[in-house]
Amino acid sequence: MDTELAQAILQANPSFESDPTRHAQDHCLEVQIPFLQRALPGTPIVPILIGYPLEENAPPWWKP
């Protein structure tokens, strides 16, 4: 994981938060990361999990 890029994303937007427990029940990374490592070796990865967006918790630029 590109921790430097992950920190930059967290600092740039308060809508993002770091909570590794949110990935505990999600297994899509187990499928995608081996493919990415094979197809694009050395490519930095920052996993971002998006839950159920609601208008109340959406960033200002997303609101209709």
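Exactly which chymotrypsin sites (Phe, Trp or Tyr not before Pro) in the chain are in a DSSP loop and have at most 11 other Cβ atoms within 10 Å?
Sites meeting the loop and neighbour criteria: Trp61, Trp62.
At 222 nm, what value in deg cm²/dmol follows for the chain if DSSP H runs of at least 4 each add -39500 (n - 2.57) and the sum is divided by all its residues, to the nearest 500?
Estimated from H runs of four or more residues: -10500 deg cm²/dmol.
Quick one: net charge of Ile48's neighbours, Cβ under 13 Å, K/R +1, D/E -1?
-3
Given [x] 13.8, 42; [y] 13.8, 39; [z] 13.4, 43 as candidate values of Rg and Dmax of the Cα atoms in Å, which corresponds to the one derived from the coordinates?
[y]
What ³J(HN,Hα) values, in whole Hz, does the Karplus curve 6.51 cos²θ - 1.76 cosθ + 1.60 give for region 19-25 when θ = phi - 60°, with x put for Gly and Pro?
Ordered by residue, 3J(HN,Hα) equals 8, x, 5, 5, 8, 4, 9 Hz.
In terms of modelled amide H atoms, which long-range or inter-chain residues lie less than 5 Å from the amide H of Ile45?
Asp2
So what J values fall out for region 35-48 if you push phi through Karplus, 6.51 cos²θ - 1.76 cosθ + 1.60 with θ = phi - 60°, rounded to Hz, Gly and Pro as x?
Working through the residues one at a time gives 5, 5, 5, 7, 6, 9, x, x, 6, x, 10, 10, x, 10 Hz.
No value in this document is a laboratory result; all are computed from the given coordinates. Just so we're clear, the structure is a prediction, and the values are computed from it rather than from any experiment. Every residue, glycine among them, receives a Cβ derived from its backbone with ideal geometry; neighbour counts consider all protein chains shown.
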